Amino acid sequence: MPETKKLMYINRKAPYGTIYAWESLEVVLIGAAFEQDVSVAFMDDGVYQLTKGQDTTGIGMKNFSPTYTALGDYEVNKIYVDKESLEERGLTLDDLQHLVWEDEDEDYAEKDSIRLVSRAELSEVLADQDVLFNF
Amino acid sequence: MLHLVNKSPHDGCNLDTATSIMKDGDSLLLIEDGVYGAIKAGKAASLLEGRSVSVLGPDLAARGISEDKLVDGITIVDYAGFVDMVAASDNVQSWL
Amino acid sequence: MSSIEANGKTYETDEEGYLADLNTWDKDVAVVMAKIDDCELTENHWEVINFLREYYEEYQIAPAVRVLTKAIGKKLGKDKGNSKYLYELFPYGPAKQACKYAGLPKPTGCV
């Protein structure tokens, strides 16, 4: 049995302006197949990736915001959002999509995936990881 | 002169530079990730005070920013409006 | 760019036979794609194909096999939500082969 590693994907870029956000999401989904202990963090402009109501019809790009709601299916259910980054940008948790996962052990009860954390809390989570991937 | 900003206000200093160099009568158009600068409750909103500012609607929609979140007095334009603004300006400065 | 003919219509595909534009998909092209693989589509196949199209519509991705298996089990019952059942229907791999017939891109992370 190979050792399970703690992997964290850190997202710090806005969606659409660059390809980082979508590339990161693809890597997270691919990586989820390896049954590691995966968590994802959104900080700085990365918090913009999770806003609800995205409609890309007018810019002719794929709207990948619905894909974040599939993360729960991939058992990626530790999603950290940096509180200070949200506040600086005039956003609150209400402006973000509601991300959930279903707990099979509790009759598929829906649980929140997003954890709103302070910089200090995020710093603790980061320190606890084996590998960090930056996007 | 028309100033274009296409980067997030938190990514580099484009919006700071553009707004500090703008003269009376100049306009600013926020496009792509630049539209994040137009959020009223955001840290960068104060940079837009007293400026003539427009944002590109399709870029707002793509990013899930609704009109009620924007700085008061801002104009939303579509691609045709973008072209009109460029055509109406004697010069365009793109803060890439 | 390659293409497939079905019922007098031409459908553009990539070199592996996946539809270039998922909006051009219809049941006719799915049947022809399956025929190329010597596979006759039954009700059970369509159940999975339709499920995949709905999944893509909602999440904008083709699910990984593990996710597909679990979701099928939840929606269509445990007797269908297992790899044995899905591999019997789609011997080339449920994600790869069923996604192709459903007009979706190859699942993310599939090589």
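Every number here is computed from the coordinates shown, using simple stated rules; none is lab data. Not measured: the values here are computed from a predicted model. Heads up, the Cβs are rebuilt from the backbone with ideal geometry, glycines too, and the neighbour counts pull from every protein chain shown.
What the table shows:
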{"quantity": "Hypothetical label at C:Glu16: residues of the stretch C:53-74 whose amide nitrogen lies under 15 Å (7 Å Cα-Cβ projection)", "calculated": "C:62-65"}
{"quantity": "Gaussian network model of chain A, Cα within-10 Å springs - most flexible of A:Ser123, A:Ser39, A:Ser85", "calculated": "A:Ser123"}
{"quantity": "Cleavage-rule hits, trypsin sites (Lys or Arg not before Pro), the stretch C:47-106, DSSP coil, Cβ neighbours within 10 Å at most 11", "calculated": "C:Lys78"}
{"quantity": "Within-11-Å neighbourhood charge of B:Val77 [Cβ basis; K, R +1; D, E -1]", "calculated": "-3"}
{"quantity": "Whole-percent pair-distance distribution, where bins are 5 Å wide, for the alpha carbons of the stretch B:21-96", "calculated": "3, 15, 29, 27, 18, 7, 1"}
{"quantity": "Cut-off 15 Å, label 7 Å out along Cα→Cβ of B:Ala41, residues of the stretch B:64-84 by amide N", "calculated": "B:65-72"}
{"quantity": "Residue among A:Asn77, A:Val125, A:Tyr20 farthest towards the positive dipole end of the stretch A:6-134, charges placed on Cβ", "calculated": "A:Tyr20"}
{"quantity": "Summed side-chain charge close to C:Thr24 - residues other than C:Thr24 whose Cβ falls under 9 Å, Lys, Arg +1, Asp, Glu -1", "calculated": "-2"}
{"quantity": "Sites matching GluC sites (Glu not before Pro) across the stretch C:29-75 that sit in DSSP coil, with at most 15 neighbouring C-beta atoms within 10 Å", "calculated": "C:Glu40"}
{"quantity": "Debye log10 I(q)/I(0) for the protein assembly as shown, one point scatterer per Cα, at q = 0.13 Å⁻¹", "calculated": "-1.03"}
{"quantity": "Sites B:Ile21 and A:Met61 - FRET efficiency at Förster radius 25 Å, r taken between beta-carbons, to 0.05", "calculated": "0.25"}
{"quantity": "Efficiency of FRET from Cβ geometry, B:Val92 and B:Asp72, R₀ 25 Å, rounded to 0.05", "calculated": "0.45"}
{"quantity": "FRET efficiency, 1/(1 + (r/R0)^6) with R0 41 Å, evaluated for C:Glu5 and C:Glu58 via beta carbons", "calculated": "0.85"}
{"quantity": "Between 0 and 90°, nearest 10: helix C:43-59 axis offset from chain C longest Cα axis", "calculated": "90"}
{"quantity": "All-pairs alpha carbon distance profile, chain A, 5 Å steps from 0, percent", "calculated": "2, 10, 20, 23, 22, 14, 6, 2, 1, 0"}
{"quantity": "Tail beyond 15 Å, pair distance distribution of the stretch C:20-79 (Cα, percent)", "calculated": "57"}
{"quantity": "Percent of C-alpha pairs per 10 Å bin, chain C, short to long", "calculated": "15, 51, 30, 5"}
{"quantity": "Of the GluC sites (Glu not before Pro) in the stretch A:34-134, those whose Cβ has at most 14 other Cβ within 10 Å and which sit in DSSP loop", "calculated": "A:Glu35"}
{"quantity": "Residue-averaged [θ]222 nm for the protein assembly as shown, counting only DSSP H segments that reach four residues, each worth -39500 (n - 2.57)", "calculated": "-9000 deg cm²/dmol"}
